[in-house]
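Derivation of every value follows stated rules applied to the coordinates shown; laboratory data play no part. All values reported here derive from a predicted model rather than from experimental measurement. Neighbour counts run over all protein chains shown; Cβ positions are idealised from the backbone, glycine included.
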Amino acid sequence: MPSLNPYLSFKSDARDAMEFYRGVFGGELVISTFGEYPGMVQDAAEQNLVMHAQLETPDGFVLMGADTPNHMEYVAPAGISVSVSGDDEASLQGYWDKLGEGGTVTMPFDTPPWGGKFGMLTDRFGIDWMLAVNAQQG
């Protein structure tokens, strides 16, 4: 079965970002560098940059990311947010609190007109997040 997973681009701090996300969500993080693959490095100073990182969390999330080497144009993420939602308010509050460390809240994690709980923030790595606790039905 196919899957749809966020793949985040960074200039040179993918390792720090992905380790940060492991601290937020838990799980297993696998990181491969450009230097691990012959022919992938065009600049010797970039051997330790992340070619691919994949975080698989206990909740079943898969989050991937990589650094952008100098020979490629880096474009900061814009116009897209990573969304996390569910019924477990305690877990979502914990994600919110951790993602917000060093970041910027653009909409507080609070009760919106449609119920539940919702908030938006940009984390310390420039990634936009939306978190939502599902509104109770009935």
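Things to note:
- Helix axis angle, 89-99 relative to the chain longest principal axis, alpha carbon, degrees: 40 degrees
- Among Lys117, Lys98, sorting on how many other beta-carbon atoms sit within 10 Å of each Cβ, with the fewest leading, yields Lys98, Lys117.
- The chain - share of DSSP beta bridges that are antiparallel (%, nearest 5): 70 percent
- Spin-label model distance (nm) - Glu19 vs Ala90, 7 Å beyond Cα toward Cβ: 3.0 nm
- For segment 7-67, the spread of Cα positions along the three principal axes, ordered from largest to smallest, is 37, 18, 15 Å.
- Here is the list for segment 57-129: chymotrypsin sites (Phe, Trp or Tyr not before Pro) lying in DSSP coil, each with at most 13 other C-beta atoms within 10 angstrom of its C-beta, are Tyr74, Trp114.
- Residue-averaged [θ]222 nm for the chain, counting only DSSP H segments that reach four residues, each worth -39500 (n - 2.57): -5000 deg cm²/dmol
- Cα-based helix-to-principal-axis angle, 14-25 vs the chain, degrees rounded to 10: 30 degrees
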